[in-house]
Amino acid sequence: MQLLMLSGDRQVAIGEKGPFHSMMAEFSRWFERIDVLCPRPDRPPTVDVIHDNVHFHPADCSRARMVGYLVRRGSELLAEHGHSLLVSHDYGWFYNGRAAARLTARTGVPYVSEIHHVPGYPVASGAREILDRSIARAYVRWARRRARAFRVVNAGEMPELLIRWGVPREKIVVLHSLYMDLETFRPADGEEPAVEQDIVFVGRMVENKGLDRIVDALALLRERGSRATAL
């Protein structure tokens, strides 16, 4: 089986080994060939094949022209290799999903829309996230009859949100991320270690991560006579 993926990753093509590189290591075991269409990276591409059968095709245009590029290059690859499935990583202005829907209409090859996160849900951090959430809702309502399925990694919040936006439950697939190294990220052997921190935050220091809420919660605990430590 051959897979055509419309991705937003810009690391692999310039030799950086991030989460997407690790994920492709697992995917490469199950597909004969994977072609990845991705945005133009910040510097000249240096890598076009990884894991022997995963081929990268960075765009030669700006983000504003991505839909046209994806449809044109995707059509060429589909004609050449006969992929059985399209997967689009959908976020932002959803150019991957819009292009995937055009490719499906043109070739009949089904596409799966992957939505890992919707900005502003469950709580928006500002006007920009409210706008982004509205754009995501508009895309989902448009794509619900065009995509074969929607893949999410969060079994708690995302399925219910998509259902509220009109996606049939049977078209939602919960498939957790495949790049986690379970030999490293697993419970410690033996006795549980002593708790050193009450709260540990791992992520980017940006507004939409809700760090202000953590600070407010710590302040409330302190006012009530409890102390908590955070890292």
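The values are calculated or read from the model by the stated rules, or taken from the named source; none is laboratory data. Since this is a predicted model, take the numbers as computed values, not measurements. Virtual Cβ from ideal backbone geometry, glycine too; neighbours counted across all protein chains shown. Remember, those area values only see protein heavy atoms, side chains included, never the ligands or the DNA or RNA. Shrake-Rupley method; radii C 1.70, N 1.55, O 1.52, S 1.80 Å.
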May I ask you to derive the FRET efficiency for residue 213 and residue 173 from their Cβ-Cβ distance with R0 = 22 Å, giving the value to the nearest 0.05? 0.10
Under 5 Å, built H, 5+ apart or other chain: amide partners of residue 173: 150, 151, 152
Portion, in percent, of the accessible area of the chain that falls on carbon or sulfur, probe 1.4 Å: 52 percent
Calculate, for residue 117 and residue 230, the FRET efficiency according to 1/(1 + (r/R0)^6) with r their C-beta to C-beta distance and R0 35 Å; round to the nearest 0.05. 0.95
Treat each spin label as a single point 7 Å out from the Cα along the C-beta direction, and report the residue 30 to residue 183 distance in nm. 2.1 nm
How about the range 125-180: which GluC sites (Glu not before Pro) there lie in a loop by DSSP and see at most 14 other Cβ atoms within 10 Å? 157
Rule-of-thumb check for the chain: C-alpha Rg over 2.2 N^0.38 Å? 1.17
With r as the distance between the Cβ atoms of residue 105 and residue 204 and R0 = 41 Å, compute the FRET efficiency 1/(1 + (r/R0)^6) and round to 0.05. 0.65
Probe 1.4 Å, protein heavy atoms only - accessible area per residue of the range 1-74 in square angstrom: 48 Å²
Per residue, how much accessible surface does the range 102-231 expose to a 1.4 Å probe? Answer in Å², no decimals. 72 Å²
Identify the GluC sites (Glu not before Pro) of the range 191-231 meeting these criteria: DSSP loop state and at most 12 other C-beta atoms within 10 Å of the C-beta. 191, 196
So for the chain: antiparallel DSSP bridges make up what percent, rounded to the nearest 5? 5 percent
Taking 82-91, 65-74, 16-25 and ranking on average Cβ neighbours within 10 Å, highest first, one gets 82-91, 65-74, 16-25
